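What follows draws every value from the coordinates through simple rules; no lab data is involved. Note that this is a predicted model, so its numbers are computed, not measured. When we count neighbours, we look across all protein chains shown, and the Cβ atoms used for this are built from the backbone with ideal geometry, even at glycine.
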Amino acid sequence: MKIILSRKGFDTSSGGVPSPIFPDGRMLSLPIPDKYSTIRYEDIKWNEFNVGEIVSSLTKNKIPKSHFAHLDPDLRNESLKRHDNWKPVLGQTSSSQGHLRNQNIKQGDIFIFFGLFRDVINKNTEINFKEKTLSKHIIWGWLQIEDILTVDNCNKSDFAWASNHPHFNRPIDALNTIYTAKEKLDIPDSSTKTIPGSGVFNKYSRTLQLSKEDSRQPSVWSLPHWFYPSNSKTPLSYHSKISRWSHNNSEVILESVSRGQEFVLDCDIYPESKKWIIDLMQCR
């Protein structure tokens, strides 16, 4: 089994701002803009909010609520009106999909989604970033792979339940790939089969935070000791330079790459990663 640390949602390059952490701790990963999508931000619901209003407010209307959104990964049934057979799904293409293919990602592997977040205040219908707060990388969702399909080679009538997903509305693209979710999480040698095979972490927890506490650079991560690529272990993909890694008595520090979407870790090489996933699930 492999873990894919998968960067998704708004950041300073895609969307222009971080995703919000609300005063009560609730987190929402904002989908990036997408001109090919058929879904508008104002179509998406999140708790008592319309996502279009959140995006418009945080971007100062640089991205209006009527703009099209790349709702991917699509993990929450309640986000949109759904087909009866809908299931959670992730799409990928281009060099990121090429990397997943080269890493031999297959059924049973687990995407752990993270993104850039910052605290907000919500007052008088306006949502603004809280002053003097830092942006940080936080884990916000997961998806364990049930099936993998190439969009341009599949019978799209069999996937009517996903017809509005952004990756079913792209130009012809040989690398355009869909990953569907298992119904229940299945981690070898553990009792996780009561946990959904995909979902989101609704509230912030320090356990979910990747960024080192008080670091002004969100890409500087504080990780468990077992992440360190000692004894010639194959490191987290895209992070082979040992100069990116350091450790002390309490943590491993990683200067993570500034761009890139999919970072792969082999659980056979790092068996402690399975318990790490289970511990993350306690934050649901």
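Before rounding to the nearest 500, sum -39500 (n - 2.57) across all DSSP H runs of length at least 4 in the chain and divide by the residue total; then give [θ] at 222 nm in deg cm²/dmol.
Values: 3 runs with 27 residues, N = 284.
Theoretical 222 nm ellipticity from helices: -2500 deg cm²/dmol.
Run the reach check for K275 against lysines, Cα to Cα strictly under 16 Å, same-chain hits fewer than 8 apart removed. What comes back?
K2, K193
Please list, or write none, the aspartates and glutamates whose alpha carbon is within less than 14 Å of the alpha carbon of K8, excluding same-chain residues fewer than 8 places away.
D34, D72, D74, E262
Dividing the convex hull volume of the alpha carbon atoms of the stretch 1-77 by its residue count, what do you get in Å³ per residue?
On the way: hull volume 9.6 nm³, N = 77.
That works out to 125 Å³ per residue.
Over the chain, with a Gaussian network built from C-alpha contacts below 10 Å, which listed residue (N50, N124, N176) shows the highest mean-square fluctuation?
The residue with the greatest mean-square fluctuation here is N124.
Under a cut-off of 16 Å between alpha-carbon atoms, report the aspartates and glutamates in cross-link reach of K136, not counting same-chain residues fewer than 8 places apart.
The qualifying aspartates and glutamates are D11, D119, E213, D214, E255.
H247 to D24: FRET efficiency via 1/(1 + (r/R0)^6), r the Cβ-Cβ distance, R0 35 Å, to the nearest 0.05?
Values: r = 35 Å, r/R0 = 0.99.
The formula returns an efficiency of 0.50 here.
Please give the FRET efficiency for K233 paired with D173, using the beta carbon to beta carbon distance and R0 = 30 Å, rounded to the nearest 0.05.
Working: r = 35 Å, r/R0 = 1.15.
Given R0 = 30 Å and the Cβ-Cβ separation, E is 0.30.
For labels at Q282 and S157 in the simple 7 Å Cα→Cβ model, what's the distance in nm?
Going by the 7 Å Cα→Cβ label model, 5.1 nm.
If you work out Cα extents along the principal axes in Å from the coordinates, which of (i) 54, 53, 32; (ii) 52, 49, 35; (iii) 60, 52, 39 do you get?
Matching the structure shown: (ii).
Please go through the residue pairs K60/K106; K81/K182; K35/K212; K156/K274; K45/K156 and name each one whose alpha carbons sit more than 30 Å apart in this structure. List each step's numbers first, then the result.
Numbers: K60/K106 41 Å; K81/K182 21 Å; K35/K212 35 Å; K156/K274 35 Å; K45/K156 26 Å.
K60/K106; K35/K212; K156/K274, as the Cα separations exceed 30 Å there.
If we restrict to alpha carbons, what Rg and Dmax does the stretch 1-142 come to, in Å?
According to the Cα coordinates of the stretch 1-142, Rg and Dmax are 15.6, 49 Å.
Roughly how many whole Å is it from the C-alpha centroid of the stretch 189-239 to that of the stretch 5-63?
Here the answer is 23 Å between Cα centres.
When the chain is fully extended, how far beyond the present Cα-Cα distance does N104 get from R216, taking 0.36 nm per residue of separation? Don't skip to the end; give the middle numbers.
On the way: separation 112, 0.36 × 112 = 40.32 nm, distance 3.48 nm.
36.8 nm is the gain from fully extending N104 to R216.
Along Cα→Cβ, 7 Å out, is where each label goes; now give me the distance between the ones at I121 and K45 in nm to one decimal.
Reported label-point gap for I121 and K45 is 3.0 nm.
Given labels modelled 7 Å from the Cα in the Cβ direction, how far is it in nm from H83 to T194?
3.3
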